[in-house]
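Worksheet for the structure shown next.
The values are calculated or read from the model by the stated rules, or taken from the named source; none is laboratory data. Note that the structure is predicted; figures quoted are calculated from it, not measured. In this analysis, Cβ positions are derived from the backbone assuming ideal geometry, glycine residues included, and neighbour counts consider all displayed protein chains.
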Amino acid sequence: MASLIGEYDCKVDAKGRFMFPIDLRKQLEAVFEKGFVINRNLHQKCLVLYPMNEWEKLNKKLSKLNRLIKANDVFVRRFTGGATDVQADQSGRLLLPKALGDYADIKADLKVLGSNNVIELWDKKLYEDFLNQDVDIEQLAQDVLLQACIDYLNIQPNGVYVDLTFGGGGHSSHILKSLGEKGKLFAFDQDEDAQKNALKDPRFTLIPHNFRYLKNYLRVYGITKVNGILGDLGVSSHQFDDADRGFSLRFDAELDMRMNKKSELSAKTVLNAYTEEQLSKLFREYADLNQAYKLSKLIVKARAEKEIVTTSDLKTAIAPCIPRFEENKYLARVFQALRMEVNQEVEALKECLTQCVDVLDTNGRLVIISYHSIEDRLSKNIMRSGNVEGVEHKDLIYGRGTKVFKLLTSKPVVPGEEEIKINTRARSAKLRAAEKI
Ligand SMILES: C[S@@+](CC[C@H](N)C(=O)[O-])C[C@H]1O[C@@H](n2cnc3c(N)ncnc32)[C@H](O)[C@@H]1O
């Protein structure tokens with residue numbers, strides 16, 4: 001089925017029926033006769049009409065989600081809760097189930113619009129208000145696993161919380177919403193651009209530094225213990241979408257990739273100054289590329305002729321290594337490895353997680369979202385054994401393992417289908433959470 005398009009005004013009659021727009025019906029062709037499932041939209045006050053075949057496809061995907069994971073279970077229940085099947089009558093009218101119509105506040109004037117493979121139904125006035133809203137799409141796309149983070153942080157209204165990775169402030173602003181008047185939130189970000197997003201709230205303090213100095217900077221504010229720490233690691237979409245920062249392979253920009261613009265090491269320096277062995281090691285460790293050796297050789301050969309300065313210089317230099325049809329995937333891994341080296345991400349995370357153990361108060365929560373297997377392993381280690389190496393310490397008398405944390409997630413929580421649809425960055429996200437004993 002081609003993407004459904006068009007906006008149509010319809011009237012809802014006294015029995016709650018509306019005439020399905022002829023033009024939209026033509027776009028649906030034979031599928032129309034099979035009927036629809038009508039459901040709530042979880043993000044907006046509107047309804048979604050799924051042609052039956054689309055609903056079946058979605059259901060198949062939903063049935064693959066592991067419902068032992070709380071976030072998946074809650075999502076499926078909320079998503080499928082109100083779903084009802086509807087069929088057009090002989091005159092081509094569809095009946096809006098009353099409960100769903102009430103949910104979306106649909107009155108007599110209805111807006112029906114094609115939206116990819118589904119149809120949205122809005123109260124006309126609410127739809128107009130929605131269009132006039134000042135929506136920050138980037139901000140929406142940042143809030144990876146937002147509800148799960150807030151749930152796992154188990155925010156105490158008067159507690160002290162830390163957001164290690166402020167970025168666009170999406171997670172921070174939701175933490176503030178759950179905090180009471182006496183609560184406090186300290187947020188770190190080493191990128192000076194993040195200061196533009198600082199939240200104007202007396203309970204909020206932005207610490208514009210690397211989270212590897214967590215303990216020291218908290219001490220500056222007289223804080224020695226906190227009730228919860230959240231980290232949403234990696235790069236923000238603000239950084240990614242700014243061509244000049246050199247994080248993205250979408251732009252032909254200078255290879256920079258520094259989150260802290262004052263730091264000396266850039267991707268350009270790594271590519272032109274590291275030895276072949278150093279390059280090979282970083283590509284093997286961070287990008288898990290079995291051709292790391294060949295890749296480094298090509299870089300060293302290319303830079304002997306001309307310094308590697310831009311994204312396209314790098315792409316040209318390593319072209320013989322890039323698998324056909326998998327260009328973007330391969331390059332994304334090369335870029336990620338460079339970024340991790342430039343920002344010393346693994347070292348910073350190790351230092352920070354180690355300090356989290358001391359900084360968290362008893363019953364304090366640690367919630368980490370990671371996007372790379374090394375980050376995920378470090379988070380798992382700290383939560384399971386209290387150290388980033390994952391070494392279990394036994395108590396001297398009974399030889400039992402001494403635990404620092406109670407695990408709240410035995411397996412990492414991953415985003416639901418809906419979230420991945422609006423935010424491709426969420427695809428590789430893994431959330432782990434634990435409570436300090
Ligand atoms: C994925 S984004 C966070 C997005 C944020 N959760 C939101 O809702 O907008 C990661 C942010 O953490 C920052 N960051 C990454 N590593 C850091 C570190 N070691 N110290 C301080 N900030 C860091 C980056 O500059 C980036 O802005």
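Observations on the model:
- Counting the residues of the stretch 200-226 that are crowded, with 16+ Cβ neighbours inside 10 Å, not polar (S, T, N, Q) and not in a helix (DSSP H, G or I) gives 7.
- Summed over the stretch 357-379, residues that are within 13 Å of the ligand (Cβ to nearest atom) and of a type outside the set (S, T, N, Q) total 7.
- Residues that are within 14 Å of the ligand (Cβ to nearest atom), among the hydrophobic types (A, V, I, L, M, F, W, C), more than 13 Å from the chain's Cα centre (by Cα) and crowded, with 23+ Cβ neighbours inside 10 Å within the stretch 149-165 comprise LEU153, VAL162, LEU164, listed in sequence order.
- Exactly one residue out of ARG17, ARG25 is of a type outside the set (Gly, Ala, Ser) and surrounded by fewer than 16 Cβ atoms within 10 Å (Cβ to Cβ), and it is ARG25.
- Pairs linking a residue in the stretch 283-294 that is touching a residue at least 24 places away in the same chain (Cβ under 8 Å) to a residue that is among the aromatic types (Phe, Trp, Tyr), with Cβ atoms under 6 Å and 6 or more positions apart or on different chains, are LEU289/PHE283.
- Where ASN197 falls short, out of the listed (1) within 11 Å of the ligand (Cβ to nearest atom); (2) over 21 Å from the mean Cα position of the chain (by Cα): (2)
- Boolean, ARG333 is of a type in the set (Lys, Arg), in the same structural domain as ARG284 (by TED's automatic domain parsing) and more than 11 Å from the ligand (Cβ to nearest atom): yes
- Qualifying residue in the stretch 305-321 (condition: basic (Lys, Arg) and surrounded by fewer than 13 Cβ atoms within 10 Å (Cβ to Cβ)): yes
- Scanning the stretch 42-89 for residues that are in a loop (DSSP other than H, G, I, E, B), at pLDDT below 85 and among the aliphatic types (A, V, I, L, M) gives LEU42, LEU65, LEU68, ILE69.
- Qualifying residue in the stretch 120-133 (condition: surrounded by 15 or more Cβ atoms within 10 Å (Cβ to Cβ), modelled with pLDDT under 90, closer than 25 Å to ASP232 by Cβ and of a type outside the set (D, E, K, R)): no
- Answer residue from the stretch 265-288, given it is modelled with pLDDT of 95 or more, of a type outside the set (S, T, N, Q) and in a loop (DSSP other than H, G, I, E, B) and is nearest to the ligand (Cβ to nearest atom) among those: LEU265
- Comparison of LEU349, LEU408, LEU353 shows that the only residue that is surrounded by 14 or more Cβ atoms within 10 Å (Cβ to Cβ), under 30 Å from ASN158 (Cβ atoms) and touching a strand residue (DSSP E or B) at 6+ places or on another chain (Cβ under 7 Å) is LEU408.
- Of residues in the stretch 204-236 being polar (S, T, N, Q) and more than 8 Å from the ligand (Cβ to nearest atom), the one nearest to LEU360 (Cα to Cα): ASN227
- For the stretch 72-100, the set of residues classified as free of Cβ contacts under 8 Å to residues at least 24 places away in the same chain and of a type in the set (Gly, Ala, Ser) consists of ALA99 only.
- Screening the candidates LYS107, LYS177 for the property of being surrounded by fewer than 19 Cβ atoms within 10 Å (Cβ to Cβ), within 16 Å of the ligand (Cβ to nearest atom) and modelled with pLDDT under 95 yields one hit, LYS177.
- Residue match in the stretch 15-29 (condition: part of a strand (DSSP E or B) and either touching an Asp or Glu at 6+ places or on another chain (Cβ under 8 Å) or hydroxyl-bearing (Ser, Thr, Tyr) (or both)): yes
- Selection count, the stretch 184-199, where residues are crowded, with 19+ Cβ neighbours inside 10 Å and either small (Gly, Ala, Ser) or in a loop (DSSP other than H, G, I, E, B) (or both): 5
- Filter pass, PHE247 being within 16 Å of the ligand (Cβ to nearest atom) and part of a loop (DSSP other than H, G, I, E, B): yes
- Test: residue in the stretch 33-41 that is in a helix (DSSP H, G or I), touching a Leu at 6+ places or on another chain (Cβ under 6 Å) and over 14 Å from ILE119 (Cβ atoms): no
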